[in-house]
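Please read the structure below before turning to the comments.
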Amino acid sequence: MPKVNGIGWSDSTGRKLMDYDEMIRVEYTMAFGAMRKWPKWAYPDFCLFELNAGSGKTNGGDGTALIALRAALDARIPIRAWLFEKNSANADELERHVAKLGFDSERVWVVRGDHNQTAPAIAAELKRLHGAVYGVVVADPTKMELPTDIIHLLAHAPIKSRIDVFAYAQPGTIKRVRIVWGGGRFMESLRAVGLPLILLRQPHGQAQWTWAVLTRWAGYPELRKIGFRRVGTPEGDALVERLDSTIEEWRADHQSVLPFDLSDPIEAMPSIYGTLDFSPSVPSCSNGHGAAVNDAESEHPAMPITFGIHPGEDLTCPRT
Ligand SMILES: C[S@@+](CC[C@H](N)C(=O)[O-])C[C@H]1O[C@@H](n2cnc3c(N)ncnc32)[C@H](O)[C@@H]1O
């Protein structure tokens, strides 16, 4: 896999980024619908945390951070973004791209350094928020392991968190490493984040690259058209087995032939569901997806939120 400053790309990268573009647009649609439905109780900005932001570019095209910022401009959703990046050359380049898009550093902050060190102070600031905070934590690590502790910390930091998680991972590699050297399972790392609903995208390539969406929203769209399945449905559970078990483990559990060909992970998933789906190409923010949020929002009185994007700073965010 070619790499520049820790950012690599492979045959799976194009699909990763195309899918991410859909995922983040759907997320904005859902969140913005809810934020506008309960404007008095929602924190006025969508909060984006990119734990592995990169330089903004991958193999000449936009990477996840720029995709998310451009999509926010298209959706006209007010956002605050924390773009974590430990490589200083990448961070420099990312700052230039962010400025070109017209965001200032109060709204979009390139957080330099290791997110394990920088995220806890930001999570502490998030705890001071009293409104329902909509947002997403995005993990796209260089390493095989997901940074589960940091994902958990940010996703649960606000008292009334509505923060989802997008995690890009390679369960095929995790599985191989577990068999040879021991180690945890992919699904264990997702469950450790502590969000009840998990969607998994069908894997791509030998490493079984996949996106996982973790959310509290029971009505989250399944994103079937880009290959997601919901864990807890027959198809989703079959996908869990495929991502988490080796062929030998599967045979030991089922004493039967495989229902899919593990050597061809792209085409392997049988479709036993119909084609009913929420289309992910959703331009409107008032299309009813906000109705999936069924909180008792009125528990929280309207109160001004003061919140610094940089730890230690105070910034009053008037409600709109
Ligand atoms: C796979 S690349 C991410 C690419 C980016 N998401 C994109 O789509 O262009 C991983 C990035 O995470 C950064 N990184 C790795 N570990 C990190 C850490 N602990 N804290 C902050 N950044 C980290 C690397 O420097 C690298 O730029």
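What follows is calculated from the coordinates using simple rules that are stated; it is not laboratory data. Everything numeric in this text was worked out from a predicted model, so none of it was measured. Note that we place each Cβ from the backbone using ideal geometry, even for glycine, and neighbour counts take in every protein chain shown.
Numerical summary
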{"quantity": "Length added when fully stretched, residue 100-residue 4, from 0.36 nm per residue minus Cα-Cα", "calculated": "32.4 nm"}
{"quantity": "The stretch 17-30 - phi-based ³J(HN,Hα) in whole Hz, Karplus 6.51/-1.76/1.60, Gly and Pro as x", "calculated": "6, 4, 5, 4, 4, 5, 4, 6, 5, 5, 4, 4, 4, 4"}
{"quantity": "18 Å Cα cut-off, lysine pairs counted over the stretch 12-287 (separation 8 or more, or different chains)", "calculated": "10"}
{"quantity": "Placed amide H near residue 164: partners under 5 Å, 5+ positions off or other chain", "calculated": "135, 136, 137"}
{"quantity": "Separation of the residue 206 and residue 88 label points, Cα + 7 Å toward Cβ, nm", "calculated": "3.6"}
{"quantity": "98, 193, 180 arranged by Cβ crowding within 10 Å, fewest neighbours leading", "calculated": "180, 193, 98"}
{"quantity": "In the stretch 117-226, the trypsin sites (Lys or Arg not before Pro) that fall in loop regions by DSSP, at most 16 other Cβ within 10 Å", "calculated": "127, 128, 143, 185, 216"}
{"quantity": "Residue 181/residue 37 FRET efficiency (R0 41 Å; Cβ-Cβ; nearest 0.05)", "calculated": "0.25"}
{"quantity": "Shape call, the stretch 12-287: gyration tensor on alpha carbons, a/c limit 1.5", "calculated": "prolate"}
{"quantity": "Order of 118, 210 under a 10 Å beta carbon neighbour criterion, fewest first", "calculated": "118, 210"}
